[in-house]
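The values are calculated or read from the model by the stated rules, or taken from the named source; none is laboratory data. Note that the structure is a prediction, hence the values are computed from the model and not measured. Positions of Cβ are backbone-derived with ideal geometry, glycine not excepted, and every protein chain shown enters the neighbour counts. Note: accessible area is taken over every heavy atom of the protein model, side chains too, but ligands, DNA and RNA are not part of it. Shrake-Rupley method; radii C 1.70, N 1.55, O 1.52, S 1.80 Å.
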Amino acid sequence: VNDSSPIVKGKTGLVNVASLNVRDEPSINGKIVANYVRGQKIYNLNFSKIAEGFVWYSYLSQSGKKRYVAVGKNTGKAENDDYIKF
């Protein structure tokens, strides 16, 4: 079988805050389903959307569910205090 669909490999991010919530939707009202701590890596992050003043990225969890993390406030560029560094 020849599958010509591209495989999208996302960015790897390094958590830059003491605790980073993982949510079930790209919203501060999304249910917190996990969290990461400073220094942990998150793999295959892809831009999701800008909402509620934050830039949200998503990834697929080991269970195959889409999960969302806020990378930082929406300033239009990378900032030193972003929650995730790329």
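Computed extension length for Leu60-Lys73: 2.5 nm, one decimal, from 0.36 nm per residue of separation with the Cα-Cα distance subtracted. In the chain, the alpha-carbon atoms span a convex hull of 108 Å³ per residue. Each of Glu52 and Leu14 was given a label point 7 Å from its Cα along the Cα-to-Cβ line. The distance between the two points is 2.8 nm. Taking trypsin sites (Lys or Arg not before Pro) across the chain, the ones in a DSSP loop with at most 10 further Cβ atoms lying within 10 angstrom of their Cβ are Lys9, Lys31, Lys65, Lys77.
Here the Gaussian network model covers the chain, with springs between Cα atoms less than 10 Å apart; of Leu45, Leu20, Leu60, Leu60 fluctuates the most. Here the spin labels are modelled as points 7 Å beyond Cα on the Cα-Cβ line, and at Asn80 and Asn44 they lie 3.5 nm apart.
Entry comment: accessible area of the chain is 68 Å² per residue, from protein heavy atoms only and a probe of 1.4 Å. Rounded to whole numbers, the Karplus 3J(HN,Hα) couplings from phi for region 33-42 are 10, 5, 8, 10, 10, 3, x, 6, 9, 10 Hz, using 6.51 cos²θ - 1.76 cosθ + 1.60 with θ = phi - 60°, and x at Gly and Pro.
Within the listed set Tyr43, Tyr68, Tyr57, the Gaussian network model of the chain (springs between alpha-carbon atoms below 10 Å) gives the highest mean-square fluctuation for Tyr43.
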